[in-house]
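To keep things clear, I will list the structure first and then write my remarks on it.
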Amino acid sequence: MIDAKLLRENPDVVRASLTKRGESTDLVDQVLAADGDRRSSIAAFESLRAEQKGLGKQVAQAKGDERTALLERTKALAAEVKATEAAATEAESRFDALAEKLPNLVADEAPVGGEKDFTVLEEIGKPRDFEAEGFQPRDHLELGELLGAIDMERGAKVSGARFYFLKGVGALLQLGMLQLAIAQAVENGFTPMITPSLVKPEVMGGTGYLSAHDDVYRLEEPELYLVGTSEVPLAGYHMDEILDVSNGPIRYAGWSSCYRREAGSYGKDTRGIIRVHQFDKVEMFSYCSLEEAAAEHQRLLGWEKEMLDKMELAYRVIDTATGDLGASAYRKFDCEAWVPTQGAYRELTSTSNCTDFQARRLNIRHRDADGKPRPVATLNGTLATTRWLVAILETHQQADGSVRVPAALRPYVGGREVLEPVGR
């Protein structure tokens, strides 16, 4: 939710942000008009309500014809108060509905443009040269099948397209990644959380995930939504609360299964586990003051890089362009790992600074130095997820179809340094 005062006093700031996102600015005028109606409706209601209270005192002191006249006015006024209150409520609802369609502002530092207009901030590690090593790399699905780690065929048989089974060393690798991520998070002051997979509409909407391009599964009775990230329940965890962030950020690390419809992605990444309907993830989530949000954003990025380094991957960090930001994000950094068989970098992590956008919608505040309640900032970042298996298997494969295990994951696969194809 955009600050109504900012919108009212500096609408051009909001218009400029929408333009950078590649969106129409017409909504700004609609919201401003609704805000004017809302404020005038509230003023009319409060004026009549004040008159109603004043008449009540006059009636108590009046007598005779004066009392009769005042009682008649009181009766008529009661109907007017009721009508103006209903009008004010309707105007408030109309304003909220329109204002909630406005995405967050974007950072001045973020590159302007669409999906391909990101800025590469750094490249870490060097992609393997399989040609120099003398063999053609297999893709992650072929490797997963050789290792008995991934079963897409039976996943489709049981649940349909874009579902899968992780089994044997595949399951152990994923569990190892997630456990390692939780351990690292705890070392850095995060509280580990296993979060609900279903949330109420006000929580899903409050995080900004119910947009015109929503990608979520919805249950009708009762109305609940399957989460696509534990960011959603972690954002709702402190809904309608005042937090104490005077001693620094409040940090959670959420372990959850995640569900996405992948609407509009048909024909894209249909092979393997890059783009699927269900996956597991450990997500970092921070609450802090607005003043500390930029620094916390950099810390989250640092912890993501630390985990990717443990996986011994070649990757790059990008500053996501304004037109590719989600509705809640003010700025977003992605870490993209090199996938050898695609000859391209693919996203493995994202970390977003959502400033006070989600907190305003979910009514999460803290007290500033003067004791005044102010919205907190919320931030999120991926620490490990199923898709990482794609880069791990392909990066560390060997010519015979075996896969070398990154040192950090070896304790989670029985100490094995190499995963051998099944039946060998």
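The values are calculated or read from the model by the stated rules, or taken from the named source; none is laboratory data. Note that the structure is a prediction, hence the values are computed from the model and not measured. All Cβ positions, even for glycine, are placed from backbone atoms using ideal geometry, and neighbour counts span all protein chains on display.
What the table below lists for this structure:
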{"item": "Scan of region 279-295 for residues that are assigned to a strand (DSSP E or B) and under 22 Å from residue 319 (Cβ atoms), ordered by number", "result": "283, 284, 285, 286, 288"}
{"item": "Within region 143-162, tally of residues that are modelled with pLDDT under 95 and either within 23 Å of residue 399 (Cα to Cα) or surrounded by 14 or more Cβ atoms within 10 Å (Cβ to Cβ) (or both)", "result": "1"}
{"item": "Pairs with Cβ under 7 Å, 6+ apart, first in region 65-85 and not assigned by TED's automatic domain parsing to the domain that holds residue 49 and surrounded by 13 or more Cβ atoms within 10 Å (Cβ to Cβ), second modelled with pLDDT of 75 or more and of a type in the set (D, E, K, R)", "result": "none"}
{"item": "Region 374-400, residues that are among the polar types (S, T, N, Q) and either within 17 Å of residue 341 (Cβ to Cβ) or surrounded by 24 or more Cβ atoms within 10 Å (Cβ to Cβ) (or both)", "result": "378, 380, 382, 395, 397, 398"}
{"item": "Residues that are over 23 Å from the mean Cα position of the chain (by Cα) and closer than 25 Å to residue 363 by Cβ, drawn from region 8-21", "result": "8, 9, 10, 11, 13"}
{"item": "Selected residue (only one of 272, 254 is touching a residue at least 60 places away in the same chain (Cβ under 8 Å), on the phi > 0 side of the Ramachandran plot and outside any helix (DSSP H, G or I))", "result": "272"}
{"item": "Qualifying residue in region 352-371 (condition: surrounded by 24 or more Cβ atoms within 10 Å (Cβ to Cβ) and closer than 28 Å to residue 413 by Cα)", "result": "no"}
{"item": "Those residues of region 251-276 which are at pLDDT 95 or above, among the hydroxyl-bearing types (Ser, Thr, Tyr) and surrounded by fewer than 21 Cβ atoms within 10 Å (Cβ to Cβ), in sequence order", "result": "257, 259"}
{"item": "Filtered residue count, region 309-318, keeping only those that are crowded, with 18+ Cβ neighbours inside 10 Å and under 20 Å from residue 117 (Cβ atoms)", "result": "3"}
